[in-house]
Amino acid sequence: MRKYNVAVVGATGAVGEEMLDVLAEVNFPIANLVPLASANSAGKTIQFQGEEFQVQELTENSFEENEIEIALFSAGGSISAKYAPFAVEAGAVVIDNTSHFRMESDIPLVVPEVNPEDIEKWRNRGIIANPNCSTIQMVQVLKPLDRRYSIQRVDVSTYQATSGAGKKAMEELAQQMKDFFSFKLDESPHNAFPHQIALNVIPQIDRFMESDFTKEEEKMVYETQKILHKNIEVASTCVRVPVLRGHSESVTITFEKDIDVDEVREILENSPNIVVVDKPSESLYPMPIVANGKNETFVGRIRKDLYRNNILHLWIVADNLRVGAATNAVRIAQKWIELDNE
Ligand SMILES: NC(=O)c1ccc[n+]([C@@H]2O[C@H](COP(=O)([O-])OP(=O)(O)OC[C@H]3O[C@@H](n4cnc5c(N)ncnc54)[C@H](OP(=O)(O)O)[C@@H]3O)[C@@H](O)[C@H]2O)c1
């Protein structure tokens, strides 16, 4: 198989590091790997498949100079806005993890298990967007159920890990826990979140919008509709919890048709990259510690509503840095390669 020159933009970040791990694990066909980050990281070395690579400073010329063919971006929206066009200009396909391009109508927003056919549209602008971490794990579960029962409405509450806000946010939780055990939690600084996150939950992720929902909550609504190609009703409450890795979601789905819980279980068991963990009598259900470092989405607590036969409740957990970011981006890249080799 042909090999490709691959750039990882934001290679020193929480998502970028995971991206490198996933690329190595799937033995991605890489001719030349170029890790890019800010000037602060230039010259640092990273390990990849037993070799050392030097991190380079991201510049407008990085892509042309290195003849990049696939550019995986996860360095923040403003960095993608500024530098993705240079990557495209240099002939690369950009797979962007930030929210910058997601809702642009001519940019495909892709979860490979759900709407792989949209990858074709990369030709419009040379860019494929990776959805928000909470959206990815939810639509992986919604899609196969929608095919069978047709979804009308989704109500979701999330329990999102600190790593969703990057490396510094994880460190902030760890520091606050240390400060708690030294009786200094009151003085412990918080910069990543609007309040202390240790021993707390915060019902705000990102800023509040005119709708009174937060930007994160609106992302879950509009991204879900775009990926499913369906204007279903979605209401979301996004909450930050003191977990390092792994987003959990309590999801209530209203269907057009009545559901059969055994059949729901069977459908999910046969869906790609989904693992059903649902033995309540043995206290077995998905949790962040189960999903950590995994490339699958875990589903459990599957139950029918007490009052209505067309309403289902379930609990979804996935590793936000993997399923919600790096693994999804790498799966998109693998699908793109299939198209390139047709
Ligand atoms: N965390 C998640 O679960 C998740 C999921 C989906 C999408 N995302 C998105 O992915 C992006 C990165 O998130 P993260 O969690 O990995 O953040 P992070 O841990 O803070 O890492 C940020 C990365 O961007 C690099 N960077 C910052 N400024 C730069 C610049 N001027 N030029 C080049 N590189 C620069 C940093 O390099 P230095 O180390 O040199 O500063 C670092 O590699 C964000 O847009 C985020 O919304 C995150």
For Ile119, indicate whether it is at pLDDT 95 or above, touching a Phe, Trp or Tyr at 6+ places or on another chain (Cβ under 8 Å) and within 16 Å of the ligand (Cβ to nearest atom).
-> no
Top-ranked residue of the stretch 137-155 - restricted to ones that are of a type in the set (A, V, I, L, M, F, W, C) and closer than 18 Å to Asp319 by Cβ, ranked as farthest from the ligand (Cβ to nearest atom) = Val141
Among the residues of the stretch 279-315, write down those that are touching a Phe, Trp or Tyr at 6+ places or on another chain (Cβ under 7 Å) and within 16 Å of the ligand (Cβ to nearest atom).
-> Ala291
Considering residues that are surrounded by fewer than 17 Cβ atoms within 10 Å (Cβ to Cβ) and outside any loop (DSSP other than H, G, I, E, B), the number found within the stretch 291-334 is 5
Look at Asn130 and say whether it is within 12 Å of the ligand (Cβ to nearest atom), among the polar types (S, T, N, Q) and touching a residue at least 40 places away in the same chain (Cβ under 8 Å).
-> yes
For the stretch 125-181, enumerate the residues that are at positive phi and in contact with a helix residue (DSSP H, G or I) (Cβ under 7 Å, 6 or more places away or on another chain).
-> Gly126, Gly166
Taking the stretch 34-70, which residues are more than 7 Å from the ligand (Cβ to nearest atom) and either hydroxyl-bearing (Ser, Thr, Tyr) or in contact with a Phe, Trp or Tyr (Cβ under 6 Å, 6 or more places away or on another chain) (or both)?
-> Pro35, Thr45, Ile46, Thr59, Glu60, Ser62, Phe63, Glu69, Ile70
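Okay, residues lined up against (1) closer than 23 Å to Glu338 by Cα; (2) more than 9 Å from the ligand (Cβ to nearest atom); (3) acidic (Asp, Glu); (4) without any contact (Cβ under 8 Å) to a residue 60 or more places away in the chain:
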site: Lys3; (1), (2), (3), (4): yes, yes, no, yes
site: Gly13; (1), (2), (3), (4): no, no, no, no
site: Glu17; (1), (2), (3), (4): no, no, yes, yes
site: Asn32; (1), (2), (3), (4): yes, yes, no, yes
Yes or no: Ile151 farther than 21 Å from Gly166 by Cα and either β-branched (Val, Ile, Thr) or crowded, with 24+ Cβ neighbours inside 10 Å (or both)?
-> yes
With respect to Leu284, determine if the residue is within 16 Å of the chain's Cα centre (by Cα) and either at pLDDT 95 or above or exposed (fewer than 15 other Cβ atoms within 10 Å of the Cβ) (or both).
-> no
Evaluation of Glu104 against (1) of a type outside the set (Ser, Thr, Tyr); (2) more than 16 Å from Lys335 (Cα to Cα); (3) within 15 Å of the ligand (Cβ to nearest atom) (one fails), failing number = (3)
For the stretch 186-201, indicate whether the set of residues that are within 22 Å of Val110 (Cβ to Cβ), part of a loop (DSSP other than H, G, I, E, B) and touching a helix residue (DSSP H, G or I) at 6+ places or on another chain (Cβ under 8 Å) is non-empty.
-> no
From Gln176, Gln204, residue being modelled with pLDDT of 95 or more, surrounded by 18 or more Cβ atoms within 10 Å (Cβ to Cβ) and in the same structural domain as Val261 (by TED's automatic domain parsing) = Gln176
So which residues in the stretch 225-242 are in a loop (DSSP other than H, G, I, E, B) and out of contact with any Phe, Trp or Tyr (no Cβ under 7 Å at 6 or more places or on another chain)?
-> His229, Lys230, Asn231, Ile232, Pro242
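The values are calculated or read from the model by the stated rules, or taken from the named source; none is laboratory data. Only a predicted model underlies this, so the values are computations on that prediction, with no experimental measurement involved. Quick reminder, even Gly has a Cβ in these numbers, built from the backbone with ideal geometry, and neighbours come from all protein chains shown.
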